[in-house]
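What follows is one structure encoded as structure tokens, with my remarks underneath.
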Amino acid sequence: MNPERINPARRDVIVAGAGSLLALAGVPSLVRQQGAHDLVIRGGTVFDGTGSAGVEADVAISGGKIAQVGRRLAGRGTEEVDARGLAVSPGFVDLHSHGDGSMDDDPRMESLVRQGITTIVVGQDGSSRAAGNGQRAAGDSAGFSGMFASIDALRPSVNIASMIGLGTVRGRVVGADDRPATPDELRTMAAMVEAALADGACGASSGLEYTPGAFASTEELIALCKPLASRRLPYATHMRNEDDRLLDSIDESIAVARGAGCPLQISHLKTQGPRNWSKLDTVFARVETAAKAGLDIAFDRYPYIAYATGLTNLFPVWSRDGGTDAFLARLSDPGVAPRIRSETLAKVELIGGWENVHISSVRDSVDRAAEGKRLGSYAKSISVDPYELSVAMLGRNRGSIGMVGFAMSEENLDRILAHPRGMVASDGGSFAIEGPTRRGSPHPRGLGTFPRVLGRYVRERKALTLEMAIHKMTALPASRIRLTDRGRIAAGLAADVVVFNPATIADRATFEEPFQYPDGISVVVVNGAVALREGQRASGMTGRAIRIGQGGSGSR
Ligand SMILES: [Zn+2]
């Protein structure tokens with residue numbers, strides 16, 4: 001049946017029915033005649049998200065909530081799913097997502113639903129769609145509450161929580177320049193963070209390799225993270241450096257969280273560049289030392305050995321001071337251009353040369369032929385020096401060129417995913433294989449992260465067990481943002497569920513052909529409505545804004 005027919009008109013009836021159902025079990029005449037439940041998922045191996053081994057059970061869903069979990073539940077569902085031989089898991093919680101970037105273009109969020117993702121956490125890398133209300137934040141008077149209201153009005157296919165981006169806050173108050181904030185500006189920024197948290201933001205993020213976030217000092221970050229402490233919400237950081245100065249960056253991240261007294265989430269932990277691969281043991285040791293001293297510390301990672309960013313990221317941060325115009329002007333300024341060139345070439349060498357730089361998107365159609373190609377080969381094919389080509393393309397595209405860099409270790413990736421403090425997050429966008437979000441040549445993580453962990457890293461490489469992988473995709477990330485009513489399969493929690501085949505689940509998106517949905521996921525349920533059925537999209541557009549700390553995280 002079409003789930004649209006049971007909502008929204010009958011939503012109130014169903015909610016009332018679910019309440020009576022629990023109180024009056026065994027009196028089926030008092031609930032809907034069609035079935036005792038909206039949906040029953042029968043006979044699957046249920047992984048509850050806590051890391052426990054799977055247990056055969058039925059899961060009954062009514063009124064958007066998990067009503068009952070147990071063997072051979074008596075009440076029929078209006079819709080029944082035969083899950084024998086399949087895994088039944090809480091919907092995946094993507095703790096570091098850029099899926100909101102395209103949600104206005106396509107709120108179906110196909111590539112997320114088809115991976116089994118039911119909640120995304122956006123506002124990452126220092127950048128959020130809204131800043132908090134603050135005395136000087138004119139022009140953003142709606143702040144986070146306005147942003148959440150617009151998400152609810154959009155009715156996306158997945159639930160959306162958001163951190164407040166400290167780079168966005170700095171941009172609003174200090175601007176694009178590389179200078180310390182004045183005491184007055186610092187107070188205004190802290191008030192904006194406080195306001196966003198009061199409206200339900202789930203943490204604060206920094207992007208210290210991006211401008212203007214990179215211009216924040218450690219002391220500024222500590223001051224802006226202090227409002228997180230009493231709420232036990234995390235400071236999530238894309239660190240200042242992930243290659244040669246990785247260890248210093250770990251130390252700074254710990255210093256910020258310790259100084260602010262809040263939990264720390266290191267985003268997309270990696271050891272970038274072959275000469276830095278050996279640093280992972282030291283990274284883990286520093287994390288454990290901080291944990292022993294009382295810091296609530298964890299990290300996340302996507303299951304690929306290549307990262308995605310802007311081509312500008314190969315260029316030194318100082319050269320990007322003041323924004324795009326200032327950056328482009330410096331590229332041709334004889335006073336500084338040679339220094340920019342030598343520092344950029346050193347960075348390219350670090351990741352193994354121009355052949356490890358894959359161009360994922362351009363803005364100007366003149367450069368369309370570069371999309372999906374390695375910059376080294378492409379430059380050679382048109383007989384241009386790769387550095388000169390990069391500079392020319394950045395000028396034509398106003399700095400807006402996406403790149404993927406291949407510079408990480410497969411063994412380290414196994415260890416990061418398997419580490420007890422490690423969890424899975426995509427760092428990806430939301431796409432569809434047709435429509436307005438099929439564009440560019442995006443990093444495949446936006447279409448494959450969660451199935452890839454379950455197929456390649458659990459089944460093939462045996463880097464971690466199935467139940468631990470599920471834990472790292474559900475209850476563990478949910479707990480980081482105090483999302484108490486999702487991330488587990490248990491009666492009374494929000495009904496976000498995914499049914500998949502552990503023997504066949506696999507990602508299909510590649511760097512060359514990213515627009516491919518994964519295999520092996522049969523059913524995805526978001527807030528009790530079926531969004532994916534037998535691998536086909538159902539209509540369910542039942543996601544909602546998640547406001548943390550507002551009397552039940554997911555409730556409105
Ligand atoms: Zn990042």
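Every number in this text was worked out from the coordinates using simple rules, so none of it is lab data. Keep in mind that what you see is a predicted model, and the values were worked out from it rather than measured. Positions of Cβ are generated from backbone atoms using ideal geometry, with glycine treated the same way; all protein chains shown enter the neighbour counts.
Give me 332, 157 ranked fewest to most by other Cβ atoms within 10 Å of their Cβ, as a rough exposure proxy. Walk me through the intermediate numbers first.
On the way: 332 11, 157 29.
Placing the least packed residue first, the sequence is 332, 157.
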Show me the ranking of peptides 303-309, 246-252 by mean Cβ neighbours inside 10 Å, starting with the highest. 303-309, 246-252
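Taking other Cβ within 10 Å of each residue's Cβ, how do 393, 163, 541 sort, fewest first?
Lowest count first: 541, 393, 163.
Quote the relative contact order of the chain in percent (integer), defining contacts as alpha-carbon pairs under 8 Å separated by 6+ residues.
On the way: 1338 pairs, mean separation 111.7, N = 556.
Relative contact order comes out at 20 percent.
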Student exercise, the range 277-327 dipole from Lys, Arg, Asp, Glu Cβ charges, in Debye to nearest 20: 140 debye
For the chain, give the magnitude of the charge dipole about the Cα centre (Cβ charges: +1 Lys/Arg, -1 Asp/Glu; no others), in debye to the nearest 20. 1060 debye
Amide hydrogen neighbours beyond the local backbone of residue 63, cut-off 5 Å, H modeled: 38
Global geometry of the chain, whether rounded, prolate or oblate, following the gyration tensor of its Cα atoms and the 1.5 cut on a/c: prolate
Taking the mean number of other Cβ atoms within 10 Å as a proxy for protection, how do you rank 68-76, 456-464 from highest to lowest? 456-464, 68-76
Checking the a/c ratio against 1.5 first, then a/b against b/c, what shape does the Cα gyration tensor give for the range 333-438? oblate
Farthest toward positive dipole pole in the range 68-125 [+1 Lys/Arg, -1 Asp/Glu at C-beta], among 73, 86, 103: 73
Karplus-derived HN-Hα couplings along the range 497-513 (A = 6.51, B = -1.76, C = 1.60, θ = phi - 60°), whole Hz, x at Gly and Pro: 9, 10, 10, 9, 9, x, 7, 10, 4, 6, 7, 10, 5, 10, 5, 7, 10
Which whole-Hz couplings ³J(HN,Hα) result when phi for each residue of the range 455-463 is put into the Karplus expression 6.51 cos²θ - 1.76 cosθ + 1.60, θ = phi - 60°, listed in order with x for Gly and Pro? x, 6, 8, 8, 6, 8, 8, 6, 6
The long-range amide H neighbours of residue 402, using H built 1.01 Å from N in the peptide plane and a cut-off of under 5 Å, are 311, 360, 361, 362
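If you count, for each residue, the other Cβ atoms within 10 Å and average over each peptide, how do 43-55, 207-219, 420-432 line up from highest to lowest?
Numbers: 43-55: 19.3, 207-219: 21.2, 420-432: 25.7.
In decreasing order of mean packing, 43-55, 207-219, 420-432 become 420-432, 207-219, 43-55.
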Going by C-beta contacts inside 10 Å, put 361, 206, 62 in order with the fewest on the left. 361, 62, 206
Residue by residue through the range 274-281, which ³J(HN,Hα) values in whole Hz follow from phi under the Karplus form 6.51 cos²θ - 1.76 cosθ + 1.60 (θ = phi - 60°), with glycine and proline marked x? x, 6, 10, 4, 6, 7, 4, 4
Please determine, in degrees from 0 to 90 and to the nearest 10, the orientation of helix 11-23 with respect to the longest principal axis defined by the Cα atoms of the chain, where the helix direction is its Cα long axis. 60 degrees
Positive-end residue of 471, 484, 436, charge dipole of the range 433-556 with Cβ unit charges: 484
Using modelled amide H (1.01 Å from N, peptide plane; none on Pro or chain starts), what sits under 5 Å from the amide H of residue 165, excluding residues fewer than 5 places away? 128, 205
Give the angle, between 0 and 90 degrees and rounded to the nearest 10, that separates the Cα long axis of helix 386-396 from the longest principal axis of the Cα atoms of the chain. 70 degrees
Can you tell me the orientation of helix 183-198 relative to the chain, as the angle in degrees between its alpha-carbon axis and the longest Cα principal axis, to the nearest 10? 20 degrees
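Please report, in debye to the nearest 20, how large the charge dipole of the range 212-350 is about its Cα centre when each Lys and Arg carries +1 at its beta carbon and each Asp and Glu carries -1 there. Provide the component values of the computation, followed by the final result.
On the way: 17 positive and 17 negative charges, 44 e Å.
With only Lys, Arg, Asp and Glu charged at Cβ, the dipole is about 220 debye.
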Can you give the helix-only mean residue ellipticity at 222 nm for the chain, where every DSSP H stretch with n ≥ 4 adds -39500 (n - 2.57) and the sum goes over all residues, rounded to the nearest 500 deg cm²/dmol? -8500 deg cm²/dmol
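Among 270/380; 270/373; 292/472; 226/279, which pairs are too far apart, with a Cα-Cα distance over 26 Å?
Correct reply: 270/380; 226/279.
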